[in-house]
1. Give segment 79-108 a look and list any residue that's under 18 Å from Glu233 (Cβ atoms) and free of Cβ contacts under 8 Å to residues at least 60 places away in the same chain, or say none.
2. Tell me the helices (runs of 4 or more DSSP H) entirely within segment 94-190 that contain at least 3 residues that are within 16 Å of Leu256 (Cβ to Cβ).
3. Assigned to a loop (DSSP other than H, G, I, E, B), in contact (Cβ under 8 Å) with a residue 60 or more places away in the chain and not polar (S, T, N, Q), is that true of Gly197?
4. Quick one: Arg283 ticks every box in (1) over 17 Å from Val84 (Cα atoms); (2) open to solvent by 20 Å² or more (accessible area, probe 1.4 Å); (3) modelled with pLDDT of 95 or more except a single one, so which number is it?
5. Looking at (1) surrounded by fewer than 14 Cβ atoms within 10 Å (Cβ to Cβ); (2) touching a strand residue (DSSP E or B) at 6+ places or on another chain (Cβ under 8 Å), can you tell me which one Ala128 breaks?
6. In segment 227-245, how many are under 20 Å from Gln282 (Cβ atoms) and open to solvent by 10 Å² or more (accessible area, probe 1.4 Å)?
Amino acid sequence: MGIVRVLHAFLPLLERSSNGVVVDVRDGTGFSAGSRSPTVSGPPGLPGVPLLQEHRRRVTGEAYAAGMIKPIELVIFDCDGVLVDSERIAARVQVALGAELGWPLTEDEVVDRFIGRSHAAIREQVAAQLGPDTAAIWSERFEQLHRESVDAGLAPVEGLPEALDALTLPTCVASSGSHDKMRHTLGRTGLYERFAGRIYSASEVSQGKPAPDLFLHAARQMGVDPAACVVVEDSRPGVQAARAAGMRAFGYAGGLTPAERLDGRDTVVFYDMRELPTLIAQR
């Protein structure tokens, strides 16, 4: 108990820097935390830190009892990379288009620049590099090649159907993709009917992720207070949008985006979609 009291008093003086180091805000000294932070559910086999996890449970429990944390009423899912395993397809197509049209990009650069962002935001980036005419060609070619690749073989994210079956809370989808794209990808994987009537696109709001507009729009349409929503995301702009909306985030690190790009305030990072119902229940 003495150790837990010490942690309880000491941890508020720490904060995580962008490079994954926990820093003492009083003098700037730090120590490496890596994937063993209290808010990270690591890959199978990775040892945890029970005392830090216990501290987090106690602090969360106290905040909940004091009315500071609202019970969860809605789970908002991103689509690409969270429901359907399409981000790998998109990244592969973007890399190919860059090589073809004069903007060579690695997969990591595509993840950093494009993943999680709206079609319009990506087109703006391409136009800034190659001009509006080439951006129009890039956009058209992407839609064609992405659709062909999806038709050739697209599956739900591993463990996602089991997670949906286990969840008892209301759900919806809020994605940077268009409604046409989601009808296609969710339809090809048999998931569309699970969310029909509760699917929202960045095309419905003025600003896409990382702005909070889309998630706030989804919460409003579902009639739920943003503070009672959680968001399941796999991209840095996505978790940033969730935080900006005042929602708790679950960052899925089983895809292309590394865990350290997802970690941050009010965010639980996890690697196995089957863990999601249990992780939500613990929040």
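The values are calculated or read from the model by the stated rules, or taken from the named source; none is laboratory data. Since we're looking at a predicted model, the values are computed, not measured. All Cβ positions, glycine included, derive from the backbone under ideal geometry; neighbour counts span all protein chains shown. Areas reflect the complete protein model, heavy atoms only, side chains present, ligands, DNA and RNA absent. Shrake-Rupley method; radii C 1.70, N 1.55, O 1.52, S 1.80 Å.
1. Within segment 79-108, just Ala90 meets the criteria.
2. 107-113
3. no
4. The one condition Arg283 does not meet is (3).
5. With respect to (1) surrounded by fewer than 14 Cβ atoms within 10 Å (Cβ to Cβ); (2) touching a strand residue (DSSP E or B) at 6+ places or on another chain (Cβ under 8 Å), Ala128 is out only on (2).
6. Count: 2.
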